[in-house]
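Input: a single structure, listed below in structure tokens.
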Amino acid sequence: MENQIFSLGRFTAYLKKYLSENRSIRLQFIILTGVFSALLAISGGSMNFFNLTAAMFIFAIVLASSFSAYFSTRANKIKFMLTPVSQLEKFLAMVLHLYVVVPVMFVVVLFIAQYVAILITALFTLSMPRFTMPFAGIEINKDLLLPYFISYFSASAFYLMGATLFTRHSFLKTTGLSIALGFITSMVVAISGTMQIINVAAMENLAQLNDFGLSHYLTVANVVSVIMILLFLFIGYMRVSEMETNETRK
Amino acid sequence: MLKVEEMAFSYRRNEYLLNKINFEITPGGVYGLLGKNGSGKSTLLYLMTGLMFPHIGTITIDGIPAGKRLPQTMQNIYLLPEEYDLPAVSIERYVKNNAPFYPMFNREQFDNFLQIFELPQVKDLSQYSMGQKKKFLVSFALATNTPLLFMDEPTNGLDIPSKSQFRKAIALGMSDERSIIISTHQVRDLESMIDRVLVLHDNSIMLNESVMRIADKMEFVRTTSKEDLQGCIYSTFTPQGFVGVRPNVDGVDSLVDLEVLFNSIITNPDVVKSLFV
């Protein structure tokens with residue numbers, strides 16, 4: 001008997017269906033290519049990677065929120081819930097879309113956009129196009145790559161979780177929740193930070209904070225972020241698997 | 001195949017919409033699930049398909065709780081909901097996307113059902129009208145050949161010719177291994193097709209009997225004279241004359257009138273119940 005939690009054949013069939021039903025991504029692909037081409041052409045072919053990826057960041061969280069469409073009407077919910085694949089496979093398709101399809105699409109968009117920008121520049125300056133190596137004009141600060149990807153994955157996971165919790169106006173509600181949680185977190189961090197300064201000051205060793213502080217906090221923040229990503233995804237998955245057509249109070 | 005045992009369900013705390021529900025769906029037959037508006041017909045369908053979870057009791061399909069929504073269970077059931085929509089894809093694409101999940105899907109049958117419903121070939125399913133969308137979904141649902149097929153108010157939104165096409169499609173899509181459970185309040189549309197009647201009333205299954213047994217126990221009267229209605233537990237006047245129902249003490253062979261049956265249950269539940277003890 002086929003595995004009821006995960007089967008590669010079933011998952012592949014579902015992924016095909018999923019991508020086919022989310023065909024609007026092709027249109028988004030064309031729009032993104034156009035926008036980046038224009039930006040690269042205007043900036044003379046050289047741009048900061050993080051400025052460019054800001055668009056991907058926004059695109060990903062909007063896309064993650066748009067998953068709420070699967071649960072926004074009873075008809076959509078029924079269609080989603082009764083598709084004969086496991087709840088894990090359904091959720092995995094969403095995660096794969098956000099974590100693999102979108103970044104890959106983004107790299108491809110940048111690749112194409114760079115050459116389109118060269119052609120646009122050549123057209124406007126009436127000169128021969130000067131083709132360069134792929135991504136030659138994209139400046140990347142490697143030190144910021146890890147925090148960037150962690151924040152990309154955590155934001156996408158948070159908005160994906162939001163899409164399963166708030167089936168209507170998911171983007172706005174999730175943003176509201178993130179602001180509220182951000183406020184609470186900053187309060188906790190501020191209070192704990194103050195407590196630590198008081199403790200260190202009490203030990204009359206303020207220098208210890210500077211030596212120990214930044215790298216220690218960055219490592220802790222990264223670990224906490226990874227745990228949070230897993231937690232958001234887990235909540236989202238649990239919500240999908242426990243969802244009912246008409247939500248009831250038990 | 002499908003077993004509902006001591007099942008209770010409520011939307012509000014301690015206010016049961018369905019209470020102490022017990023019945024079984026066995027292979028082969030069209031089940032008519034009847035009930036007043038708000039009696040819980042759709043809720044019962046959602047519970048049977050695992051879209052909602054019973055608060056008390058169990059609902060199992062081949063021994064597995066429906067609420068687990070295992071792929072193995074889901075590929076054996078298909079629900080045609082009252083509210084529906086189709087994606088903006090071609091017929092070909094829709095079949096390619098959805099048929100692989102139903103191992104017994106039959107493309108030839110599907111094309112045949114599309115022909116019965118006289119559905120035009122379109123590039124994009126969203127071009128279909130609401131009625132055509134429903135007919136398309138009925139065709140797909142029947143072609144999946146799932147052992148359990150649930151339909152929630154399937155004739156709503158269908159025009160008169162489509163209703164007879166629907167009956168023809170159901171007759172063709174029926175088999176000994178398959179059960180079709182139809183929830184409806186439009187009993188006239190489906191009267192000739194139903195083999196077994198489930199009546200939901202006062203939060204529970206008031207009647208669960210085959211049409212043959214109902215005809216055996218109850219005599220349905222159609223007359224122009226009021227005097228012929230003697231002994232009826234329910235009767236009413238229609239433009240065609242009087243209709244009524246009474247205990248079939250003389251073994252009279254009569255055609256079951258689902259509307260009259262249903263009204264008799266609503267008005268005299270205890271009397272009707274006592275006939276089937």
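Rounded to the nearest 0.05, the FRET efficiency derived from the C-beta distance between A:Ala75 and A:Ala190 at R0 = 35 Å is 0.15. Our Cα-only numbers for the protein assembly as shown put the radius of gyration and Dmax at 30.7, 109 Å.
Ordered from largest to smallest accessible area (heavy atoms of protein chains, 1.4 Å probe), the residues B:Thr224, A:Thr174, B:Thr238 come out as B:Thr224, B:Thr238, A:Thr174.
Total Å² of accessible surface buried at the B-A contact, 1.4 Å probe, nearest 100? Can you show the working numbers first?
On the way: alone 13630 and 15270 Å², together 26170 Å².
Approximately 2700 Å² gets buried when B meets A.
Within segment B:233-261, whose backbone N sits under 15 Å from a point 7 Å along Cα→Cβ of B:Ser274? Under 15 Å, as judged by backbone N against the label point of B:Ser274, lie B:233-234, B:246-249 of segment B:233-261.
If you roll a 1.4 Å probe over segment B:168-277 with all protein chains in place, what percent of the accessible area is carbon or sulfur? Don't jump to the answer; show the numbers that get you there.
Numbers: 2750 of 5610 Å².
Using a 1.4 Å probe with all protein chains present, segment B:168-277 comes out at 49 percent carbon and sulfur.
Taking each of A:Lys142/A:Lys173; A:Lys77/B:Lys123; B:Lys20/B:Lys133 in turn, the alpha-carbon distance tops 31 angstrom for A:Lys142/A:Lys173; B:Lys20/B:Lys133. Modelled this way, with points 7 Å down the Cα-to-C-beta line, the labels at A:Ala221 and A:Leu96 are 3.4 nm from one another. Among residues other than B:Asn145 with Cβ under 15 Å from its Cβ, the summed charge is -2 (Lys and Arg +1, Asp and Glu -1).
Accessible area per residue for segment B:1-122 in Å², computed with a 1.4 Å probe and the full protein assembly in place, what is it?
Values: 5240 Å² over 122 residues.
Accessible surface, normalised per residue, equals 43 Å².
B:Ser164 sits with roughly 60 Å² accessible to a 1.4 Å probe, with DNA, RNA and ligands left out of the calculation. Rounded to the nearest 0.05, the FRET efficiency derived from the C-beta distance between B:Glu6 and A:Ala54 at R0 = 60 Å is 0.55. Taking GluC sites (Glu not before Pro) as exposed when DSSP calls them loop and at most 16 other C-beta atoms lie within 10 angstrom, chain A has its longest site-free stretch at A:3-203.
Please find the FRET efficiency linking A:Ser127 to A:His169, where r is the Cβ-Cβ separation and R0 is fixed at 56 Å, and quote it to the nearest 0.05. Let's see the in-between values first.
Values: r = 50 Å, r/R0 = 0.88.
The pair A:Ser127/A:His169 has a calculated efficiency of 0.70.
Surface calculation, 1.4 Å probe, protein heavy atoms: B:His185 sits at approximately 90 Å² accessible. Atom-type composition of the exposed protein surface of segment B:1-133 places 45 percent of the accessible area on carbon and sulfur (1.4 angstrom probe).
Going from the isolated chain to the complete set of protein chains, segment B:41-66 loses at least 30 Å² of heavy-atom accessible area (1.4 Å probe) at B:Tyr46, B:Leu51, B:Met52, B:Phe53, B:His55. With every protein chain in place and a 1.4 angstrom probe, the accessible-area ranking of A:Ser156, A:Ser72, largest first, reads A:Ser72, A:Ser156. Heavy-atom accessible surface of B:Phe262, to the nearest 10 Å², is about 40 Å², with a 1.4 Å probe and all protein chains retained.
Got the relative contact order for chain B handy, in percent, Cα pairs under 8 Å and 6 or more residues apart? Show your work: numbers first, answer last.
Details: 508 pairs, mean separation 56.2, N = 277.
This gives 20 percent for chain B.
Within segment B:165-202, none of the trypsin sites (Lys or Arg not before Pro) combine a DSSP coil assignment with at most 12 other C-beta atoms in a 10 angstrom radius. Taking a ≥ b ≥ c as the square roots of the eigenvalues of the Cα gyration tensor, segment A:8-242 is oblate, since a/c reaches 1.5 or more and a/b is not larger than b/c. Around the Cα centre of segment A:8-242, unit charges on the Cβ atoms of Lys, Arg, Asp and Glu (plus for the first two, minus for the last two) sum to a dipole of about 1200 debye. Hey, which of these cross-link pairs are over 24 Å Cα-Cα: A:Lys90/B:Lys168; B:Lys3/B:Lys168; B:Lys3/B:Lys96; B:Lys36/B:Lys163? In this structure, A:Lys90/B:Lys168; B:Lys3/B:Lys168; B:Lys3/B:Lys96 exceed 24 Å between Cα atoms.
The values are calculated or read from the model by the stated rules, or taken from the named source; none is laboratory data. Predicted model only: the values in this text are computed from it and were never measured. We place every Cβ from the backbone using ideal geometry, glycine too, and count neighbours over all the protein chains shown. Ligands, DNA and RNA are stripped out before the accessible areas are found, and what is left, the full protein with its side chains, is counted by its heavy atoms. Shrake-Rupley method; radii C 1.70, N 1.55, O 1.52, S 1.80 Å.
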